[in-house]
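Let me begin by presenting the structure, written as structure tokens, before commenting on it.
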């Protein structure tokens, strides 16, 4: 069966449904995958961050390390939770005190805090005896 279809502002042309579907498929642009919360993945120094905000915080930590305010930091730390679940903390920040002790902090960069995220964070804090700061 032949149908009349308008093709990109041109005159009407006769084509089958299969030809039309093939034409549309060939001329469609692929849309970039959008994350659930509209976060834009960003790569800095070969490290892929889930959002621009997280990447900016990474730059800030690098600056603080260069100034000597923090000793070191590690991005994307994973904690195992019961039931095979995992909780990913964005940064582990280590600061040395003048006495020589190390203070370890865990930072999460959040644009939107979800109920599941709160639950996992609370479980992680209770199981591992740590405190996770929201940035």
*Selection within the range 70-86 - within 24 Å of residue 46 (Cβ to Cβ) and without any contact (Cβ under 8 Å) to a residue 40 or more places away in the chain*: 70, 71, 72, 73, 74, 75, 76, 77, 78, 86
*How do the pairs read when you match residues in the range 110-125 that are at pLDDT below 90 with residues anywhere that are surrounded by 11 or more Cβ atoms within 10 Å (Cβ to Cβ) and in a loop (DSSP other than H, G, I, E, B), using Cβ under 6 Å and keeping only pairs 6 or more apart or on different chains?*
112/37
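Tell me, which strands (runs of 3 or more DSSP E) wholly within the range 19-135 include 3 or more residues that are surrounded by 10 or more Cβ atoms within 10 Å (Cβ to Cβ)? Spell out the reasoning first.
Details: elements: 42-44, 47-49, 72-80, 86-96, 102-108, 132-134.
Per the criteria, 47-49, 72-80, 86-96, 102-108, 132-134.
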_Search result, residues across the range 27-46 that are more than 11 Å from the chain's Cα centre (by Cα) and modelled with pLDDT of 80 or more_ = 44, 45, 46
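The values are calculated or read from the model by the stated rules, or taken from the named source; none is laboratory data. Every value quoted in this text rests on a predicted model; they were computed, and no experiment measured them. For neighbour counting, all protein chains shown are included, and Cβ atoms are generated from backbone atoms with ideal geometry for every residue, glycine included.
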